[in-house]
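I have placed the structure first, in the form of structure tokens, so that the comments after it can refer back to it.
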Amino acid sequence: MKQRVRAVLITPDDTMLLMKRVRPGIAPYWVIIGGGVEDSDASREDALLREIREEIAGEAEVVRLLHQLENPKGEVEYFYLARISTWNFADRTGPEFQRDDRGEYILEEIPLTAKAIAEVNLLPEQISDVLRESLDRDELRTTAYR
């Protein structure tokens, strides 16, 4: 079974980095940065750090596993809480950015609030709910930067 990893990237400014996807014929939506675990990855956490380097040329510190779910394709997705202080979207190297048929990828920094998360079409919906509930309990800011 394919495994996927995602990074809930919290910045020192109490914002979260999300990837906005713009594809022809589909309303824009946002996703959490990450991707598939490869056979060459030593662990899920290593796969996550590799994906962050590829997608936003960033260096992050994994804090903890936040949530896991099974997506409609039957893949297990692991969502990790991570701290990030440096990134450079212009230096991304992921293979998806080399293809013209994938639509646009736009890195956005949004406030780390339940309201801001509710205002974007963050997919999957379940993770949007998890993030808003975690913010209501003040579990994201307090565990990300201490």
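Remarks
- Three-way shape label, segment 14-99, alpha-carbon gyration tensor, a/c 1.5: rounded
- Among the GluC sites (Glu not before Pro) in segment 4-89, those placed in a DSSP loop whose Cβ has at most 12 other Cβ atoms within 10 Å are 38.
- Value at 222 nm in deg cm²/dmol, rounded to 500, when DSSP H runs of n ≥ 4 in the chain each add -39,500 (n - 2.57): -7000 deg cm²/dmol
- The chain - percent relative contact order, Cα under 8 Å, separation 6 or more: 31
Coordinate-derived values only; no laboratory data. For clarity, every value in this text was computed on a predicted model and none was experimentally measured. All Cβ positions, glycine included, derive from the backbone under ideal geometry; neighbour counts span all protein chains shown.
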